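The values are calculated or read from the model by the stated rules, or taken from the named source; none is laboratory data. Values in this document were obtained by computation on a predicted structure and should not be read as measured data. Please note: Cβ atoms are built from the backbone with ideal geometry, for glycine as well, and neighbour counts cover all protein chains shown. Just the protein is used for accessible areas: all its heavy atoms, side chains included, with ligands, DNA and RNA removed. Shrake-Rupley method; radii C 1.70, N 1.55, O 1.52, S 1.80 Å.
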Amino acid sequence: QKEVEQNSGPLSVPEGAIASLNCTYSDRVSQSFFWYRQYSGKSPELIMSIYSNGDKEDGRFTAQLNKASQYVSLLIRDSQPSDSATYLCAVNPRGKGGAQKLVFGQGTRLTINP
Amino acid sequence: SAVISQKPSRDICQRGTSLTIQCQVDSQVTMMFWYRQQPGQSLTLIATANQGSEATYESGFVIDKFPISRPNLTFSTLTVSNMSPEDSSIYLCSAWTEVDTEAFFGQGTRLTVV
């Protein structure tokens, strides 16, 4: 089982709709969770971080974390064509003897259709 | 925030040779990491570059193939040794200014081995 799993997509959403991206992780003691956006040919850039169960909102983006289900999601409201990118879920499984690192899922390719 | 300069940005190398990639951060950082991103794939962690000590390698990566240096808190190098076409990939340097917060990325090194 992979440490961090995402649906690779592609996910196609009409402009103005809500895009929902999902991620599961295998290590129950993981504490920190991140969503990155990566445009083609560019480096990843951070969108959201979340550390506690529940929702965290930042503008059009909402991250949701459920540690009991080992599940983290990202919602993008009012999707814009500029949101078309690959979205990477990342987890810091720092419960493993204190080793600090960031493990990425395989990414979900999102396309927003005008 | 941190600005990470990575060089070279791209290179084409002959098989059997080695390439050293440099990563310079504009401020002192607590942790530095090296990732590989193969075409259409997500980021795979190669190793954590530890300041003043040997790097911590992930499963499937070994020091003889990917020697890493980190002589201070702002600089690291990754060498890809005895290259084969399978090493063709994008190599990314990453850093945490504070542990378990936003990870910043360099612009990547696109390596092609012929």
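Debye sum, Cα scatterers, the stretch B:34-113, no solvent: what log₁₀ I/I(0) at q = 0.11, 0.12, 0.21 1/Å?
Calculated log10 I(q)/I(0) at the listed q: -0.28, -0.33, -1.04.
With only alpha-carbon pairs counted, each pair once and no self-pairs, how large is the Kirkwood hydrodynamic radius of the protein assembly as shown in angstroms? List each step's numbers first, then the result.
Working: mean 1/r = 0.0551 Å⁻¹.
For the protein assembly as shown, the Kirkwood estimate is 18.1 Å.
In what sequence, highest mean first, do B:65-75, B:50-60 appear when ranked by Cβ atoms within 10 angstrom? It would help to have the intermediate numbers written out before the result.
Details: B:65-75: 16.7, B:50-60: 12.9.
Packing order, densest peptide first, comes out as B:65-75, B:50-60.
At what distance in nm do the modelled label points of B:Q22 and A:N113 sit from each other, each positioned 7 Å from its Cα along Cα→Cβ?
My value for the distance between the label points is 4.8 nm.
Given R₀ = 30 Å, FRET efficiency for B:E54-B:E98 by Cβ-Cβ distance, to 0.05?
Working: r = 24 Å, r/R0 = 0.79.
Efficiency for this residue pair is about 0.80.
Modelling each spin label as a point 7 Å along the Cα-to-Cβ direction, I'd like the A:D55/B:S81 distance in nm, to one decimal.
Each label point is offset 7 Å from its Cα along the Cβ direction, giving 5.3 nm.
Between A:A17 and residues 5 or more places away or on another chain, which pairs have amide H atoms under 5 Å apart, with H built 1.01 Å from N, and which residues are they?
Sorted by chain and number, the residues that satisfy this are A:S79.
Apply the Karplus parameterisation 6.51 cos²θ - 1.76 cosθ + 1.60, with θ equal to phi minus 60°, to every residue of the stretch B:85-92 and state each ³J(HN,Hα) to the nearest whole Hz, in sequence, with x for glycine and proline.
Computed from phi, the couplings for the stretch B:85-92 are x, 5, 7, 4, 5, 9, 10, 10 Hz.
Does a label point 7 Å from the Cα of A:E5, set along Cα-to-beta-carbon, have any residues of the stretch A:34-75 with amide nitrogen under 18 Å, and which are they?
Those under the cut-off are A:66-74.
Whole-Hz ³J(HN,Hα) for each residue in the stretch B:15-26, computed from phi via Karplus 6.51 cos²θ - 1.76 cosθ + 1.60 with θ = phi - 60°, x for glycine and proline: what do you get?
4, x, 8, 10, 10, 10, 9, 10, 9, 10, 9, 7
Debye sum, Cα scatterers, chain A, no solvent: what log₁₀ I/I(0) at q = 0.16 1/Å?
Listed by q, the Debye log ratios stand at -0.68.
Counting only protein heavy atoms and using a 1.4 Å probe, what share of the accessible area of the stretch A:26-110 belongs to carbon plus sulfur, as a whole percent? Can you show the working numbers first?
Details: 1600 of 3550 Å².
Carbon and sulfur together cover 45 percent of it.
Can you run the Rg to Rh ratio on the stretch A:6-60? Use alpha carbon positions and the Kirkwood inverse-distance Rh. Walk me through the numbers before you get to the answer.
Details: Rg = 13.2 Å, Rh = 13.6 Å.
Rg/Rh for the stretch A:6-60 comes to 0.97.
When the accessible area of chain B is split by element with a 1.4 Å probe, what percent falls to carbon and sulfur? If you can, show how the numbers build up before the last one.
Values: 2480 of 5270 Å².
The value for chain B is 47 percent carbon and sulfur by accessible area.
For the interface of B with A, what's the total buried accessible surface in square angstrom, probe 1.4 angstrom, rounded to the nearest hundred?
Values: alone 6000 and 5950 Å², together 10510 Å².
Buried area (both sides, nearest 100 Å²): 1400 Å².
Which residue, chosen from B:S88, B:S59, B:F105, occupies the Cα position most advanced towards the positive end of the dipole of the stretch B:55-114, where the dipole is computed from +1 (Lys, Arg) and -1 (Asp, Glu) charges on Cβ about the Cα centre?
B:S88
Please compare each pair in A:K67/B:K65; A:K56/B:K65; A:K101/B:K65 to a cut-off of 31 Å on the Cα-Cα distance and tell me which ones are over it.
Working: A:K67/B:K65 37 Å; A:K56/B:K65 41 Å; A:K101/B:K65 21 Å.
With Cα atoms farther than 31 Å apart: A:K67/B:K65; A:K56/B:K65.
I need the phi-derived Karplus couplings for the stretch B:50-65: 6.51 cos²θ - 1.76 cosθ + 1.60, θ = phi - 60°, integer Hz, Gly and Pro marked x.
Values per residue, Gly and Pro as x: 9, 6, x, 8, 5, 5, 9, 8, 7, 4, x, 10, 10, 5, 5, 8 Hz.
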